[in-house]
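First the structure, in the form of structure tokens, and then the observations on it.
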Amino acid sequence: MPGASIIIPTHNRPHLLPRAVESARAAGTDVEIIVVDDASIDETALVCRELAGVKYIRLERNQGVAGARNVGILESTGKYVAFLDDDDLRLPGSLDTQAALLDANPDVGFVCGAMIMADQEYQPTGEVFLPHNSGNVFWDLLELDFPVMPLSTLIRKECFLRVGLLNQKLKGIDDWDIFTRIAEIYPVLVTEEPMGIYRQPTPSSDQGSSSQANQLLKAARHQLRLLELPSAGAAEPASVVAASGFFRSRPTESLLRLTL
């Protein structure tokens with residue numbers, strides 16, 4: 001059994017895949033790399049056949065990023081799971097670092113680190129995003145006060161058995177939703193080390209996170225569902241009011257937190 005499985009969903013962007021796969025390969029010594037081709041209609045399959053040591057899964061019907069990630073989870077054999085978008089990069093040794101932390105902290109649901117922000121040419125912008133605290137971060141996530149993305153995260157696979165898979169209906173915010181559901185049950189661990197390079201979206205980059213206003217609207221609506229989780233139901237009313245009021249009272253700051 002590999003220590004970690006890293007899942008790379010892709011759709012019609014074969015020119016980006018080799019670099020992402022190589023970064024995944026360098027990220028750990030015992031890594032299962034799974035590329036989920038989300039019904040591409042170009043040369044993605046040909047490119048993947050030339051990539052050694054990759055488990056290639058082709059979907060005949062487009063299921064979106066969350067759906068492709070779910071297929072990868074079900075096909076994975078590692079005890080830990082990571083997600084990597086085809087246009088982002090993992091840093092060398094980052095998966096080994098996070099796997100060692102999960103090994104040493106068996107109660108933790110996921111471990112996350114810093115992200116180096118870059119432009120479309122992968123040149124660092126000078127910005128680095130890092131979540132600010134470990135432990136119970138459920139309320140921080142609810143208020144978008146915990147800047148975490150799949151790129152910087154390694155998840156204990158058993159978490160999905162308890163909270164379920166990603167919600168395919170929540171396009172663009174499915175990662176925020178799954179992290180919040182995991183954090184409701186498990187403590188979270190933060191390391192200050194950078195884990196990856198995040199290629200920031202532009203309106204023309206064909207990245208899901210470029211539709212920021214739409215994501216904020218979805219998050220504001222979905223937060224009401226998350227406030228129905230048991231931990232929220234057992235909380236003091238003041239905490240619920242504060243969390244639910246964040247989107248309405250500070251929409252600009254909420255947008256920045258959701259989209260980095």
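Can you confirm whether L46 is without any contact (Cβ under 8 Å) to a residue 40 or more places away in the chain and part of a loop (DSSP other than H, G, I, E, B)? Against the criterion (without any contact (Cβ under 8 Å) to a residue 40 or more places away in the chain and part of a loop (DSSP other than H, G, I, E, B)), L46 does not qualify.
Go over the candidates D87, D140 one by one and state the one that is over 19 Å from G53 (Cβ atoms), not in a helix (DSSP H, G or I) and not hydroxyl-bearing (S, T, Y). On inspection, the qualifying residue turns out to be D87. Looking across region 143-173, the residues that are assigned to a helix (DSSP H, G or I) and either crowded, with 23+ Cβ neighbours inside 10 Å or of a type in the set (A, V, I, L, M) (or both) come down to P150, L151, S152, L161, V163. Condition test on F110, is it under 22 Å from E32 (Cβ atoms) and buried (at least 21 other Cβ atoms within 10 Å of the Cβ)? When the stated conditions are applied, F110 passes them. Restricting the first member to region 118-134 and to residues that are touching a residue at least 12 places away in the same chain (Cβ under 8 Å), and the second to residues that are assigned to a strand (DSSP E or B) and surrounded by fewer than 11 Cβ atoms within 10 Å (Cβ to Cβ), the beta-carbon pairs closer than 8 Å and six or more apart or on different chains are L130/E192.
Entry remark, region 55-65: residues being among the hydrophobic types (A, V, I, L, M, F, W, C) and open to solvent by less than 30 Å² (accessible area, probe 1.4 Å) number 2 in total. A count restricted to region 31-53 and to residues that are crowded, with 18+ Cβ neighbours inside 10 Å and either touching a strand residue (DSSP E or B) at 6+ places or on another chain (Cβ under 8 Å) or of a type in the set (S, T, N, Q) (or both) stands at 11. The set of residues in region 188-225 that are surrounded by fewer than 16 Cβ atoms within 10 Å (Cβ to Cβ), modelled with pLDDT of 75 or more, out of contact with any Ser or Thr (no Cβ under 7 Å at 6 or more places or on another chain) and not in a helix (DSSP H, G or I) contains only E192.
Let's see how each residue does on (1) under 25 Å from L16 (Cα atoms); (2) in a loop (DSSP other than H, G, I, E, B); (3) open to solvent by 50 Å² or more (accessible area, probe 1.4 Å); (4) in contact with a Leu (Cβ under 6 Å, 6 or more places away or on another chain):
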site	(1), (2), (3), (4)
P106	no, yes, yes, no
Y122	yes, yes, no, no
T125	yes, no, yes, no
D175	yes, no, no, no
E184	no, no, no, yes
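Candidates E32, E43, E60, E50: the one that is touching a Lys or Arg at 6+ places or on another chain (Cβ under 9 Å) and either at negative phi or not hydrophobic (A, V, I, L, M, F, W, C) (or both) is E32.
The values are calculated or read from the model by the stated rules, or taken from the named source; none is laboratory data. Everything quoted here is computed from the prediction, not taken from an experiment. No Cβ is skipped: glycine too gets one built from the backbone with ideal geometry, and neighbour counts run over all protein chains shown. Just the protein is used for accessible areas: all its heavy atoms, side chains included, with ligands, DNA and RNA removed. Shrake-Rupley method; radii C 1.70, N 1.55, O 1.52, S 1.80 Å.
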